[in-house]
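Each remark here refers to the structure printed beneath this line.
The values are calculated or read from the model by the stated rules, or taken from the named source; none is laboratory data. Predicted model only: the values in this text are computed from it and were never measured. Counting neighbours? That spans all protein chains shown, and the Cβs are built from the backbone with ideal geometry, glycine included. Please note that ligands, DNA and RNA were not included when accessible areas were found on the heavy atoms of the full protein model with its side chains. Shrake-Rupley method; radii C 1.70, N 1.55, O 1.52, S 1.80 Å.
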Amino acid sequence: MVEVCNTQVMKPLLEKYGFHFSKAKGQNFLTASWVPEQIAEQSGMDQTVGVLEIGPGIGPLTQQLCLRAKKVCAVELDNRLEPILKETVGSFENLNILWGDILKQDIPKLVYEQFGALRPMACANLPYYITSPILSALLEAKCFEAVTVMVQKEVAVRIAAKPGTADYSAFTIFCQYYAEPELLFDVPAHCFMPQPKVTSAVITLRTRKELPWDVLSEDLFFRTVRASFAMRRKTLQNGLAAGFPELGKEGAKAILSECGLPENVRGETLSIPQFAAISNAIYRRKNP
Ligand code: SAH
């Protein structure tokens, strides 16, 4: 197998095809072989799994996924990588590379067509300029058992944050609504070429099979969450009144009391079931 993480191998390979890194495409290629090995190993792939990889680059993680999963489908935006991937992963018969933008794919359809009855998972060293849109698309697709990704460490910490901490945010709740996150390990900047400015981390999101909360309207739930975090350091009552002008301050106050919450409660301390209760109360008020 071509040792793609070895810079003595990588550099001549890139030179051979006149490849130059694109900052705009978020290209930071792994140069430490333990990283893709550990990502694939800890993601729990086996011969019952079909895995979607986003942004294979020159294929270090792709190789490790192909060795473990039954089938790998990799979506890559930059078709200058085609001849390089041919050399590094061309011999894997369980690999299919699709050329295009992951954000323009119909993910549930792709998963169904590529993996059939296999257990679908997603695994990637993500392009960091579109971390949130990709993660949102993967979770909203509601078809993966687990999503294991490398992201900026601060994003990983935010995804796994607990209520009441500085890192707890609307994005935390979005992710934890669909999945249970587990931080796996950190990856220092020197493990990449070119080196990113930040430390990275690998995180697994295990998708919830059944959502453990009753939410009457998901739209309203996420609107409630956004309204609560739009005005950090303000009380939830003010946040709700600003996010839902139709409620007014009195309506917001009534809703908090209906949910058994103190008047001066702050949104950033609430759990998902508490946000569910608030959004359900708003829903009932709108749909009596
Ligand atoms: N997995 C490789 C490369 C990671 S860099 C490694 O770990 O070494 C991120 C990769 O995502 C690059 O190959 C980049 O071209 C690709 N990429 C960037 N934007 C993309 C998009 N919108 N859809 C699919 N791939 C994308």
>> Just the residues that are touching a Pro at 6+ places or on another chain (Cβ under 8 Å) and polar (S, T, N, Q), please, taken from region 178-199.
In response: T199
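Listed here are the residues, each with its yes/no results for (1) among the polar types (S, T, N, Q); (2) surrounded by fewer than 20 Cβ atoms within 10 Å (Cβ to Cβ).
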| residue | (1), (2) |
| --- | --- |
| I203 | no, no |
| E210 | no, yes |
| D214 | no, yes |
| S217 | yes, yes |
| F221 | no, no |
| R233 | no, yes |
| A241 | no, no |
| P245 | no, yes |
| G248 | no, yes |
> Going by the structure shown, is G50 in contact with a helix residue (DSSP H, G or I) (Cβ under 7 Å, 6 or more places away or on another chain) and either farther than 20 Å from Q152 by Cβ or among the basic types (K, R) (or both)?
Replying inline: yes
> Looking at K109, is it basic (K, R) and touching a helix residue (DSSP H, G or I) at 6+ places or on another chain (Cβ under 9 Å)?
Replying inline: no
>> Within region 193-205, does at least one residue satisfy the condition of being within 16 Å of the ligand (Cβ to nearest atom), farther than 17 Å from P36 by Cα and either touching an Asp or Glu at 6+ places or on another chain (Cβ under 8 Å) or β-branched (V, I, T) (or both)?
In response: yes
>> Please go through region 21-36 and give me each residue that is under 21 Å from E145 (Cβ atoms) and open to solvent by 30 Å² or more (accessible area, probe 1.4 Å), ordered by number.
In response: none
> Can you tell me which residues in region 8-20 are part of a helix (DSSP H, G or I) and open to solvent by less than 50 Å² (accessible area, probe 1.4 Å)?
Replying inline: V9, M10, L13, L14
>> Condition (residue is out of contact with any Phe, Trp or Tyr (no Cβ under 9 Å at 6 or more places or on another chain), open to solvent by 20 Å² or more (accessible area, probe 1.4 Å) and not basic (K, R)) applied to region 50-63: is it met by at least one residue?
In response: yes
>> Looking at N94, N79, can you tell me which residue is near the ligand (Cβ under 10 Å from one of its atoms) and over 23 Å from the mean Cα position of the chain (by Cα)?
In response: N79
> With region 199-279 as the region, which helices (runs of 4 or more DSSP H) entirely inside it contain at least 3 residues that are touching a His at 6+ places or on another chain (Cβ under 8 Å)?
Replying inline: none
> Does region 176-188 contain at least one residue that is in contact (Cβ under 8 Å) with a residue 24 or more places away in the chain, in the same structural domain as P120 (by TED's automatic domain parsing) and β-branched (V, I, T)?
Replying inline: yes
>> Which count do you get for residues in region 73-103 that are open to solvent by 30 Å² or more (accessible area, probe 1.4 Å), among the polar types (S, T, N, Q) and out of contact with any strand residue (DSSP E or B) (no Cβ under 6 Å at 6 or more places or on another chain)?
In response: 1
>> Condition first: touching a Ser or Thr at 6+ places or on another chain (Cβ under 6 Å) and hydrophobic (A, V, I, L, M, F, W, C). Now tell me which residues in region 41-87 satisfy that.
In response: I58, A74
> Right, V149: within 30 Å of K249 (Cα to Cα) and β-branched (V, I, T) or not?
Replying inline: no
